[in-house]
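The structure appears below as structure tokens.
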Amino acid sequence: MSECLFCKFISGELNTHKVFENENVLAFKDIYPAAKTHILFIHKKHTENIVEICNTDIGQVTDIFSAMAEWTQQEGLDKSGFRIINNLGDHGGQTIFHTHFHVLGGEKLNPGLN
Ligand code: 5GP
Ligand code: ZN
């Protein structure tokens, strides 16, 4: 059994507030939202970070970005705007080691990247 928190959301061992799911991708609300809308998009196949996912199967990145495009259009965020963030490792501030993309929006975000 995986020790990865996000894999436990995928398997159903732990509950989370899902907002989107298809064959390959799961999206759920971040437990500590940094914006009015803060969703995490993950692939159902475990990888640790964006470098590993690209080296393993770059098609998984397409799966995640297609899901983000579908969901943001469904919610009208493509009109109001949103931000995608991926953190990698210590300097990047990654705390969960299952590749994930943050989608932030639902309000005007602070400008800047840091
Ligand atoms: P990272 O810092 O790795 O880029 O992002 C990890 C994210 O996972 C953080 O924004 C954090 O709030 C979120 N997170 C941590 N634990 C949980 C949890 O148990 N449930 C949910 N939904 N999000 C979590
Ligand atoms: Zn995992």
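The values are calculated or read from the model by the stated rules, or taken from the named source; none is laboratory data. Only a predicted model underlies this, so the values are computations on that prediction, with no experimental measurement involved. Cβ atoms come from the backbone with ideal geometry, glycine included; neighbour counts cover every protein chain shown. Just so you know, the surface numbers come from the protein's heavy atoms only, side chains and all, with ligands and any DNA or RNA stripped out. Shrake-Rupley method; radii C 1.70, N 1.55, O 1.52, S 1.80 Å.
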### Message
So if each residue of separation counts as 0.36 nm, and I subtract the Cα-Cα distance between Glu3 and Asn114, what length gain in nm does that give?
### Response
36.9 nm
### Task
Report the label-to-label distance for Phe65 and Ser11 in nanometres (one decimal), using points 7 Å from each Cα along the Cα→Cβ vector.
3.1
### Message
Report the rotationally averaged projected area of region 5-105 based on its alpha-carbon convex hull, in square nanometres.
### Response
6.2
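For region 5-105, report the accessible area per residue in Å² (1.4 Å probe, heavy atoms, rounded to an integer). Don't jump to the answer; show the numbers that get you there.
On the way: 5620 Å² over 101 residues.
With all protein chains present, region 5-105 gives 56 Å² per residue.
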### Summary
Note: Val51 to Lys79 extended length (0.36 nm per residue) minus current alpha-carbon separation gives 7.1 nm
### Summary
Counting only Cβ distances under 4.7 Å between cysteines, those in the chain with no partner are Cys54
### Message
Skipping prolines and chain starts, which residues have an amide H placed within reach, meaning under 5 Å, of the one on Asn49, given they are 5 or more residues away or on another chain?
### Response
Thr99
### Message
Give me a comma-separated list of calculated 3J(HN,Hα) values for region 13-19, in order, Karplus coefficients 6.51, -1.76, 1.60 applied at θ = phi - 60°, integers in Hz, x for any Gly or Pro.
### Response
4, 10, 8, 8, 8, 6, 10
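Given 0.36 nm per residue, what is the gain on full extension from Tyr32 to Phe97 after removing their alpha carbon distance, in nm?
Details: separation 65, 0.36 × 65 = 23.40 nm, distance 1.69 nm.
Full extension from Tyr32 to Phe97 adds 21.7 nm.
Before anything else, pin down the relative contact order of the chain: Cα pairs under 8 Å, at least 6 apart, normalised by residue count, whole percent.
Values: 154 pairs, mean separation 33.9, N = 114.
Computed value for the chain: 30 percent relative contact order.
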